[in-house]
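Okay, so here's the structure we're looking at.
The values are calculated or read from the model by the stated rules, or taken from the named source; none is laboratory data. None of these values were measured; they are calculated from a predicted model. Every residue, glycine as well, gets a Cβ built from its backbone with ideal geometry; the counts of neighbours run over all protein chains shown. What goes into the accessible areas is simple: the full protein's heavy atoms, side chains included, and nothing from ligands, DNA or RNA. Shrake-Rupley method; radii C 1.70, N 1.55, O 1.52, S 1.80 Å.
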Amino acid sequence: ATMRTRSSTSVGRSSKSIPRIAVVGRPNVGKSALVNRLCGSRSAIVADESGVTRDRTTQLGQFGNHKYNVVDTGGLVFDDTEGVFIKDIRDQAMVAISESEAVIFVVDGQHGMHNMDAEIADFLRKQVKLPTYVCVNKCESERMGLAQAAEFHSLGLGEPTACSALHGVGTAELLERVFADNPNFD
């Protein structure tokens, strides 16, 4: 499947290509809101994309001198009985990961740990050989956010970052970690 983006990145990786960050997580954790925040946009949907629930969408972002593409994916579910598009969404998420240099795994700090979070974390630990960052979204209170994020240490994917995509809390810290850890994000 081809994908249109707002940037003019090449399909193959070259020294001039803009690095990609795949944003994954279960449904309704705020992935698109985080993509909007990371890209300074109001809509994570690229206008000329169709099939929003199945297709991945890409936006260009910039943080300081860093340019990057963020790939928004549908909710990642491993149980095919959950819905008609689940396999299509999962396939699109796999393509997004395969084309990226890092993964941001979004979880819901207000809801807390969910069994689907554990399944996705297990998949990311075992199958994905990219730096992966846990973004504990919906942590609107900085004081409560640390407690909400602490629960997600058990996912085994490193230090979770408390964030609020809605209010912008923690998103700069999240990007700083991605850039500091990855030479591809120069």
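A compact table of results
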{"item": "Those trypsin sites (Lys or Arg not before Pro) in the range 80-186 that DSSP places in a loop and that have at most 11 other beta carbons within 10 Å", "result": "Lys129"}
{"item": "Ala150-Phe78 FRET efficiency (beta carbon distance; Förster radius 22 Å; 0.05 resolution)", "result": "0.30"}
{"item": "For Asp72, net neighbour charge (Lys/Arg +1, Asp/Glu -1) across residues whose Cβ lies under 9 Å away", "result": "+2"}
{"item": "Anchor Lys87: lysines whose Cα lies under 25 Å away (excluding residues fewer than 8 positions away in-chain)", "result": "Lys31, Lys126, Lys129"}
{"item": "Sequence-distant lysines (8 or more away, or on other chains) whose Cα lies within less than 19 Å of Lys67", "result": "Lys16"}
{"item": "Accessible surface of Asp181 - all protein chains present, 1.4 Å probe, nearest 10 Å²", "result": "90 Å²"}
